1. Pull up segment 63-82, narrow it to residues that are touching a helix residue (DSSP H, G or I) at 6+ places or on another chain (Cβ under 7 Å) and not aliphatic (A, V, I, L, M), then point me to the one that is surrounded by the most Cβ atoms within 10 Å (Cβ to Cβ).
2. Please state which one of E227, E235, E204 is closer than 12 Å to A164 by Cα and acidic (D, E).
3. State the number of residues belonging to segment 304-356 that are open to solvent by less than 50 Å² (accessible area, probe 1.4 Å) and of a type in the set (V, I, T).
4. Are any of the residues in segment 39-57 of a type in the set (S, T, Y), modelled with pLDDT of 90 or more and touching a strand residue (DSSP E or B) at 6+ places or on another chain (Cβ under 8 Å)?
5. Identify, please: which residue in segment 87-99 is open to solvent by less than 80 Å² (accessible area, probe 1.4 Å) and either of a type in the set (D, E, K, R) or at pLDDT 90 or above (or both) and is, among those, farthest from E117 (Cα to Cα)?
6. Going by what's in this entry, would E204 be described as under 29 Å from P156 (Cβ atoms), of a type in the set (D, E, K, R) and touching a residue at least 12 places away in the same chain (Cβ under 8 Å)?
7. Residues being open to solvent by 10 Å² or more (accessible area, probe 1.4 Å), assigned to a helix (DSSP H, G or I) and under 10 Å from A234 (Cα atoms): count how many of those fall in segment 132-154.
8. Which of the following residues is under 18 Å from the mean Cα position of the chain (by Cα), within 26 Å of S157 (Cβ to Cβ) and basic (K, R): R241, R245, R214, R199?
Amino acid sequence: MQGLLLKLSTLDADAESAVRVIAYFDSLLRDHVSVPTLLAATARLAQCPVGLLDAATGRRTRTSPRGAVDTPAEAPAQVRELSDGLGAVWMEREGPAHGLDEIVLERYAVAAEVTLERAAALARSGQDPALVELVLSAETGEAERARALRLLGFAPSAPLQALAIALPDRGPDRGPDRGPDRELAAGLRAMGHQVRATRIGDTEAVLVATTLPRDLPEGSRVGIGPELPGARAAESWAGARTALRFTGPHDRVMRWSELGALALFADLPEPAVAGLADVRAMERLGEESLAAVRALCLAGSVRGAAATVHLHHSSMAARIARAESVLGFSLADAAGRLRAHLALALVRLRANLRSGTPA
């Protein structure tokens, strides 16, 4: 701060603006902003791209005034080194420098040091959500992912599973750590599982170090990725997101390992799914008939389906007959039930595509 005040004495006309710059960055630090937020705020203030090198991860990040983020191959020649070997920051202004650029860069560097130190402290305690994102991103390099896994307390070679949990729309003023949507992660911790979680868009991303039980704590719709070494966590996350797209009110948990050939349908556009005759017919069924078809597909027989939903088998047979008249095909044999099972899955997929469930 003393160095900044000395610079102010040489600015005169810009002194008031310089004080505002200092107050601006002080406010960011008081709010405990993350590194991405700091970069975005600095770029908006400077009205030029700004960058940061995090020496701990070796990652370079550049943000434009409009919020576009990229990873430059290398930092520019002129950078401001941070103390304690934390990294470096820079500004990329085209044309002549502005009068306040030096103070903006100075204060940006101070704020970056504090923010990186805070992030490192969270990482040491395994609580940094950015590390979970880093592990799950398909764009993360092998060495960078391994380091993030170790900071989270996972060995890169140890098996992990990723979970994608659908979150309700809670409004912009609520953070990822509030509300009943966190119950699954908390329940897994209570069961002794090593869990790390963060929010990615409208989905809670969860990393679990041990094999999940068949019966999970009740909660939101969940897609479960395949169990893979931590170094391949991005693949498990992709599988979890795909599985989530096939969940519904009656199928709240879906495992990638159980999707089989259904996974091939995951990337179909919604109009293509909606155009399938079996999907249109299944959507015309009432809830009673839908429940009967679901029970039959799971049980494999009318008597088994009747026992599942606590109906007399003759009542179940009547409901199945009504469903067959709408569907246009028989459910008496395995081929018909397989056709119905696929149609039910595609109905769930279409509903999620329409509601915007993350892919």
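The values are calculated or read from the model by the stated rules, or taken from the named source; none is laboratory data. Bear in mind the structure is a predicted one, so any value in this text is a computation, not a measurement. Using ideal geometry, Cβ is built from the backbone for each residue, glycine included, and neighbour counts are taken over all protein chains shown. Heads up: the accessible areas ignore ligands, DNA and RNA and are worked out on the full protein's heavy atoms, side chains in. Shrake-Rupley method; radii C 1.70, N 1.55, O 1.52, S 1.80 Å.
1. Checking each candidate, the answer is T63.
2. Answer to the selection: E204.
3. So the count comes out to 2.
4. Scanning segment 39-57, I find at least one residue that is of a type in the set (S, T, Y), modelled with pLDDT of 90 or more and touching a strand residue (DSSP E or B) at 6+ places or on another chain (Cβ under 8 Å), so the answer is yes.
5. Filtering segment 87-99 for residues that are open to solvent by less than 80 Å² (accessible area, probe 1.4 Å) and either of a type in the set (D, E, K, R) or at pLDDT 90 or above (or both), the one farthest from E117 (Cα to Cα) comes out as R93.
6. It is true that E204 is under 29 Å from P156 (Cβ atoms), of a type in the set (D, E, K, R) and touching a residue at least 12 places away in the same chain (Cβ under 8 Å).
7. Number satisfying all stated conditions: 3.
8. R241 is the lone residue from the list that is under 18 Å from the mean Cα position of the chain (by Cα), within 26 Å of S157 (Cβ to Cβ) and basic (K, R).
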